[in-house]
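Notes follow once the structure below has been shown.
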Amino acid sequence: MFPRTPHLRARSLLAVHLELTNHSARDVTGIRLNKKTLTGSRSIVEFPPVAVLGPGAATTVLLGVDFTDSIQPVEFTLLSSIGEVGVVISPPVGELMRSVTMSPERWDLEHRKLRGMTECKKKAPKLSDDVMMCLRVFAGRMISSQELVLLSVQIGVEECTVVANCSNMAVASLLANEVANSFSKTY
């Protein structure tokens with residue numbers, strides 16, 4: 001689970017909660033992160049080992065993961081008294097950024113800088129009620145690189161256009177697609 005809170009160790013780390021549940025009839029001991037398969041400069045801050053997890057018990061542990069602004073998954077194994085299990089975590093693109101506040105004038109200035117090759121537009125169905133869309137612009141920063149991300153919705157007569165601006169074009173494209181697709185699922 002992604003709690004959308006920063007990890008305490010570093011601002012480039014995404015906090016990830018893992019829920020560990022013992023479905024067996026005996027204690028599980030020594031639960032810890034074991035082998036990490038990380039590419040590039042990605043990193044994981046491990047959780048403290050769980051000494052004992054009784055039958056039917058559950059606990060939540062906190063990982064810190066630097067995805068380096070990529071939706072590519074991180075892989076690792078958890079080791080315990082009953083063996084080893086593989087874990088793969090792929091973050092949704094929206095989890096890789098945090099919102100920031102800025103004045104409308106600053107947003108317009110930054111938007112002018114991020115036009116052209118850093119812009120991705122996607123058509124979306126027009127929502128039946130403009131009131132449903134409480135905010136037509138969003139500003140955020142990527143968690144790892146701190147690159148600016150801008151999102152806007154242009155409301156037309158027949159449809160909307162979702163516009164994502166980010167120097168990371170993969171992020172801009174994924175974000176525009178996810179938001180445009182969510183319009184089809186809403187109401």
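The values are calculated or read from the model by the stated rules, or taken from the named source; none is laboratory data. Note that the structure is predicted; figures quoted are calculated from it, not measured. Cβ coordinates were reconstructed from backbone atoms using ideal geometry, including for glycine residues, and neighbour counts include every protein chain displayed.
Observations on the model:
- Inside the range 42-65, residues that are within 24 Å of Thr5 (Cα to Cα), touching an Asp or Glu at 6+ places or on another chain (Cβ under 8 Å) and exposed (fewer than 13 other Cβ atoms within 10 Å of the Cβ) make up a count of 2.
- Output for the range 134-148, where each listed residue is modelled with pLDDT of 85 or more and part of a loop (DSSP other than H, G, I, E, B): Ile143, Ser144, Ser145, Gln146, Glu147
- Conditions (1) outside any helix (DSSP H, G or I); (2) more than 27 Å from His17 (Cβ to Cβ); (3) out of contact with any strand residue (DSSP E or B) (no Cβ under 8 Å at 6 or more places or on another chain): number failed by Asp108: (1)
- The residue list Ala51, Ala25, Ala10 contains one member that is more than 27 Å from Val171 (Cβ to Cβ), touching a residue at least 12 places away in the same chain (Cβ under 8 Å), in a loop (DSSP other than H, G, I, E, B) and of a type outside the set (Lys, Arg), which is Ala25.
- One residue alone among Thr5, Thr39 is outside the structural domain of Leu78 (by TED's automatic domain parsing), of a type outside the set (Lys, Arg), exposed (fewer than 13 other Cβ atoms within 10 Å of the Cβ) and over 11 Å from Leu63 (Cα atoms), and that residue is Thr5.
- Residue-level check: of (1) in a loop (DSSP other than H, G, I, E, B); (2) modelled with pLDDT under 90; (3) of a type in the set (A, V, I, L, M, F, W, C), Val131 misses just (1).
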